[in-house]
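Reading through the structure tokens given below for one structure.
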Amino acid sequence: MSEEFHKIRRLPPYVFEEVNRLKAAARARGADIVDLGMGNPDLPTPSFVVDKLCEAARDPRAHRYSASKGIAGLRRAQAGYYERRFGVKLDPNRQVVATLGSKEGFANMAQAITAPGDVILCPNPTYPIHAFGFLMAGGTIRSIPAEPGDELLAAVDRAVRHSIPKPLAIVLNYPSNPTAYVAGLDFYAEVVALAKKHEIIVLSDLAYAEIFFDDAPPPSILQVPGAIDVAVEFTSMSKTFSMPGWRIGFAVGNERLIAALARVKSYLDYGAFTPIQVAATAALNGGDNAIGEVRSIYRKRRDVLVESFGRAGFPVPAPSSTMFAWAPIPEPYRRLGSLEFSKLLVEKADVAVAPGIGFGEYGDEFVRIALVENEHRIRQAARNIKRFLAPAQEARQNVVTFSRSA
Ligand SMILES: Cc1ncc(COP(=O)(O)O)c(C=O)c1O
């Protein structure tokens, strides 16, 4: 057994692990690391949802195996959410599956639909499971731009003409992790038209449907007439209701794709613990106020981040949605690449961020900053960074002054 296993060779060690190791070592030395690295929501789950979990857990009938595709009430609640929020009508029995987090749903959808060598069009940079879910399933990834627009559409067109076999599926993720790009319905309509023309499946990851600040609420691709013929969409309770550890998400949309996912899941799991599903149902049916509170906390953190990091000499473009800022590495550190820069931030500024390279090769000039610490801690991170950047900035100013006076 000297050779690495076939699948494991396709799963390189998580890039983020290197930063995590340094972070753990720094903490062991007593450093107070402000951790803006992992997208792990820090806010508590709304108390009415926790109460519902406790109540349901006291019923011994809830201790048995649950339903792999989700209990009926939960699937109905998700269909109700889609109708309220997007005006999209779904059949809870045939077009909705509850998943153990959207990541599980996405990865098992990849297992369900991929044959060895199938080509998948995947944004770069993107959330790792979008590519690795398919790589684990034996697929091949062809990168497309992450930004919604003409370049992406042209890349799909080129892929259809030049990849062999023709692409099986395209992955979209708006609002996007890590870039925070958002897409409008016009763009989705163009993708759906292309997908229909070339018989390509569309997998839309809408995990950040409810984490938006300025613009109109992000749309669902299923709002495009006829999208359900080609598309499935994934949503998550993790960010919307601060329930990351509960592991509840959904896949909704095209019946054939949903049936394929449900079939794979029926062999693998018995569904989430029933009380978790009952509590998730309560959240979806009555949690609109809670969503508003979560949104306003992230919005304030976003504003503090942009303002305080900007003053510290690290300009951060303001994301209009998601819980992340996608920040170009400040000059003169950009040439180091995102991993080395992130390591420096841990070691010299006691701040952890996620290196952009962890989301794909086209992310290497950026770091992702997650809004998962409170405003006070974000300001502290900015002060630390200001101290770290100051010598380089002074040196640059001296060079400018020197060259002006020379
Ligand atoms: C774009 C995106 N999709 C999916 C997920 C996974 O969410 P879940 O907790 O529902 O598996 C995340 C989590 O960070 C994400 O950023």
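The values are calculated or read from the model by the stated rules, or taken from the named source; none is laboratory data. Since we're looking at a predicted model, the values are computed, not measured. Please note: Cβ atoms are built from the backbone with ideal geometry, for glycine as well, and neighbour counts cover all protein chains shown. What goes into the accessible areas is simple: the full protein's heavy atoms, side chains included, and nothing from ligands, DNA or RNA. Shrake-Rupley method; radii C 1.70, N 1.55, O 1.52, S 1.80 Å.
One table, with the values for the structure above:
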| read-out | value |
| --- | --- |
| Cα-based radius of gyration of the range 72-211 once divided by 2.2 N^0.38 Å, which approximates compact folds | 1.05 |
| Nonlocal amide H pairs with VAL202, under 5 Å, H built at 1.01 Å | ILE170, ALA231, VAL232 |
| Global form of the range 215-255, assessed from the alpha-carbon gyration tensor, a/c cut-off 1.5 | oblate |
| From phi via Karplus (6.51, -1.76, 1.60), per-residue ³J(HN,Hα) for the range 192-209 in Hz, x at Gly/Pro | 4, 4, 4, 5, 5, 4, 9, 6, 10, 7, 10, 10, 9, 9, 10, 4, 9, 3 |
| For the range 17-103, Kirkwood radius (reciprocal of mean inverse C-alpha pair distance, Å) | 17.1 Å |
| Spread of Cα-to-Cα distances over 20 Å intervals beginning at zero, given as percent, for the chain | 26, 55, 17, 1, 0 |
| Spread of Cα-to-Cα distances over 10 Å intervals beginning at zero, given as percent, for the range 207-354 | 9, 27, 28, 22, 12, 1 |
| Of LYS52/LYS300; LYS196/LYS239; LYS103/LYS197; LYS52/LYS103; LYS7/LYS103; LYS166/LYS197, pairs whose Cα-Cα distance is over 21 Å | LYS52/LYS300; LYS196/LYS239; LYS103/LYS197; LYS52/LYS103 |
| Carbon and sulfur %, accessible surface of the range 47-287 computed with the full protein complex present, 1.4 Å | 54 percent |
| Average accessible area per residue (Å²) across the chain - probe 1.4 Å, nucleic acids and ligands excluded | 45 Å² |
| Reachable lysines, given that their alpha-carbon falls under 17 Å from the alpha-carbon of LYS386 and they are not under 8 places away in the same chain | LYS343, LYS348 |
| From phi via Karplus (6.51, -1.76, 1.60), per-residue ³J(HN,Hα) for the range 287-295 in Hz, x at Gly/Pro | x, 4, 5, 4, 4, x, 5, 4, 4 |
| Sequence ranges 38-46, 272-280, ranked by mean other-Cβ count within 10 angstrom, highest first | 272-280, 38-46 |
| Ellipticity estimate at 222 nm from DSSP helix runs (n ≥ 4, -39,500 (n - 2.57)) divided over the chain, nearest 500 | -15000 deg cm²/dmol |
| Kirkwood hydrodynamic radius (C-alpha pairs) into Stokes-Einstein, the range 47-287, 20 °C and 1.002 mPa s, D in µm²/s | 119 µm²/s |
| Cα-based shape type of the range 222-286, given that a ≥ b ≥ c are square roots of the gyration tensor eigenvalues and the cut on a/c is 1.5 | oblate |
| Cα centroid of the range 209-274 to Cα centroid of the range 53-86, whole Å | 14 Å |
| The range 250-314: C-alpha gyration tensor shape, a/c 1.5 cut-off, then a/b vs b/c | prolate |
